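Student: This is the structure I want to talk about, given as structure tokens.
Just so it is clear, none of the values below were taken in a lab; they were calculated from the coordinates. A quick note: this is a predicted structure, and the numbers were derived from the prediction, not measured. For neighbour counting, all protein chains shown are included, and Cβ atoms are generated from backbone atoms with ideal geometry for every residue, glycine included.
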Amino acid sequence: MSTVIDVSDVTVRRGRSFLLDHVTWRVEETDRWVVIGPNGAGKTTLMQIVSAHMFPTLGEVRLLGERLGAVDVFELRPRIGVSSAGLAAHIPPEETVGDVVISAAYAVFGRWREAYGAIDETRAERLLSQMRIDHLKDRRFGTLSEGERQRTQVARALMTDPELLILDEPTAGLDLSGRELLLATLSELALDETSPTTVMVTHHVEEIPAGITHALFLKQGRIVAAGPLEQVMTDDVLSRTFDLPLKIRETDGRWYAQAFLAPRRAL
Ligand SMILES: Nc1ncnc2c1ncn2[C@@H]1O[C@H](COP(=O)(O)OP(=O)(O)O)[C@@H](O)[C@H]1O
Ligand SMILES: [Mg+2]
């Protein structure tokens, strides 16, 4: 088994604030991680580091066996599939779903004069079906629901057959059906052993797909806990991460969190 992400004592500093503060984290090839933490915890910053889009202020980062800083990031990036709100903002609204997905093969947005081979076309078709968006192939990206957009972005992230898949808050802003459809799709992906090593960010434990094996809890740029899901998903870890007394339970492979607060009477 090989190590896909090896982050060692990483600090990211902007002015006086520490976005990440001495973070050490390892992800192995067969792992499927969820990264959980409140807004501003540093989740997106950590995802930018492990997708080779940001360098740390201090510390060492190895991705897919290569050391960040010693490797050409333009060779590394195609091996890592990313879906994030930041990237989605660059997708032209008039682009069709089919083109958003297939153009990832050439690391461009906007299909323009590229000649795609039959292998690319077949792969794109398969991903559209896997993500339950095959019926939307000719629809313009700008006309999709948020859930359909998220599934299109995941399909695009998988198009280059990456060794590592990074999904930064794929479930943010989805309605109930959008969330459930995405979770079902992400569960299938996580449970499939041929899928790439996966890291998914969320701030809701209710949005952890089945098949996730590990969890990293982040708060104010620091790791609260990291390890196998059933070991770290505890009331104590969750309460410390969100600064609130929380109870967690698992039912049918899904996780639920609830606060228990002392009742207050109006004066
Ligand atoms: N360039 C920057 N300079 C200063 N602070 C920043 C910068 N970028 C992000 N931050 C702050 O760093 C913290 C972590 O951000 P981020 O990684 O996006 O958190 P998360 O994804 O967990 O919500 C936030 O408080 C954010 O406001
Ligand atoms: Mg974020």
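Student: Which of Thr30, Thr198 comes first, and how do the rest follow, when ranked by fewest Cβ neighbours within 10 Å?
Tutor: On the way: Thr30 12, Thr198 24.
Sorted ascending by nearby Cβ count, the order is Thr30, Thr198.
Student: Further question on the same structure: GluC sites (Glu not before Pro), restricted to segment 180-264: which are DSSP loop and have at most 14 other Cβ atoms within 10 Å? Kindly include the intermediate steps, with their values, before the conclusion.
Tutor: On the way: sites: Glu180, Glu188, Glu193, Glu206, Glu207, Glu230, Glu250; in loops: Glu193.
Hits after loop and neighbour filter: Glu193.
Student: Residue by residue through segment 250-263, which ³J(HN,Hα) values in whole Hz follow from phi under the Karplus form 6.51 cos²θ - 1.76 cosθ + 1.60 (θ = phi - 60°), with glycine and proline marked x?
Tutor: For segment 250-263, the Karplus-derived couplings read 10, 9, 6, x, 10, 9, 9, 10, 9, 7, 10, 10, 5, x Hz, x marking Gly and Pro.
Student: Starting at the first residue of segment 54-71, write each ³J(HN,Hα) from the Karplus equation 6.51 cos²θ - 1.76 cosθ + 1.60 with θ = phi - 60°, in whole Hz, x for Gly and Pro.
Tutor: With the stated coefficients, segment 54-71 comes to 8, 9, x, 5, 9, x, 10, 10, 10, 10, 6, x, 9, 8, 4, x, 10, 10 Hz.
Student: Still on this structure: Against the longest principal axis of the chain, how steep is helix 176-191, in degrees 0 to 90 to the nearest 10, with axes from Cα atoms?
Tutor: 80
Student: Rounded to the nearest 5, what % of DSSP beta bridges with both residues in the chain are antiparallel?
Tutor: That works out to approximately 60 percent antiparallel.
Student: Kindly rank 231-238, 34-41 from highest to lowest mean number of other beta carbons found within 10 Å of each residue. Could you put the intermediate results ahead of the total?
Tutor: Values: 231-238: 17.2, 34-41: 20.4.
Ranked by mean Cβ neighbours within 10 Å, highest first: 34-41, 231-238.
Student: 7 Å from Cα along Cα→Cβ at both Lys247 and Leu76: what's the point-to-point distance in nm?
Tutor: 4.5
Student: Percent antiparallel among DSSP beta bridges with both residues in segment 1-111, to the nearest 5?
Tutor: On the way: 15 of 16 bridges.
Around 95 percent antiparallel, to the nearest 5.
Student: State the Cα centre-to-centre distance between segment 201-237 and segment 158-186 in whole Å.
Tutor: Rounded to whole Å, the Cα centres lie 17 Å apart.
Student: Name the trypsin sites (Lys or Arg not before Pro) in segment 6-83 that are in a loop by DSSP and that have at most 10 other C-beta atoms within 10 Å, would you?
Tutor: Arg16
Student: While we're on this one: Taking the number of other C-beta atoms within 10 Å as the exposure measure, put Ile119, Ile102 in order starting with the fewest.
Tutor: So the residues, fewest neighbours to most, are Ile119, Ile102.
Student: What does the extension gain come out to for Ser2 and Thr57, with contour length at 0.36 nm per residue minus their alpha carbon separation? Show your work: numbers first, answer last.
Tutor: On the way: separation 55, 0.36 × 55 = 19.80 nm, distance 2.59 nm.
Once the chain is fully extended between Ser2 and Thr57, it gains 17.2 nm.
Student: Here's a follow-up. Give the shape of segment 121-216 as rounded, prolate or oblate, defined through the alpha-carbon gyration tensor: a ≥ b ≥ c are the square roots of its eigenvalues, a/c under 1.5 means rounded, and otherwise the shape is prolate if a/b is larger than b/c and oblate if not.
Tutor: Oblate is the answer for segment 121-216, as a/c is 1.5 or above yet b/c matches or exceeds a/b.
Student: Now for a separate question. Hey, what's the Cα Rg ratio for segment 3-259 versus the globular rule of thumb, 2.2 N^0.38 Å?
Tutor: Values: Rg = 18.0 Å, N = 257, 2.2 N^0.38 = 18.1 Å.
Output field value: 0.99.
Student: Further question on the same structure: Based on Cβ point charges of +1 for Lys and Arg and -1 for Asp and Glu, what charge dipole magnitude is obtained for the chain about its Cα centre, in debye rounded to the nearest 20?
Tutor: Dipole of the chain, to the nearest 20 debye: 1000 debye.
Student: In the chain, which longest range has no chymotrypsin sites (Phe, Trp or Tyr not before Pro) that are both DSSP loop (not H, G, I, E or B) and surrounded by at most 13 other Cβ atoms within 10 Å?
Tutor: It works out to 113-259.
Student: In nm, to one decimal, how far is the modelled label at Ala172 from the one at Glu188, with both set 7 Å along Cα→Cβ?
Tutor: 2.6
Student: If we count other beta carbons within 10 Å of each Cβ, what is the order of Ser83, Ser8, Ser195, Ser177, fewest first?
Tutor: Ser177, Ser8, Ser195, Ser83
Student: Right, something else. Extension gain Ala89-Arg14, at 0.36 nm per residue separation less the Cα-Cα distance, in nm?
Tutor: Length gained between Ala89 and Arg14: 24.6 nm.
Student: Give me the tail of P(r) for segment 42-132 as a percent: Cα-Cα pairs with distance above 15 Å.
Tutor: Of all Cα-Cα pairs in segment 42-132, 66 percent lie more than 15 Å apart.
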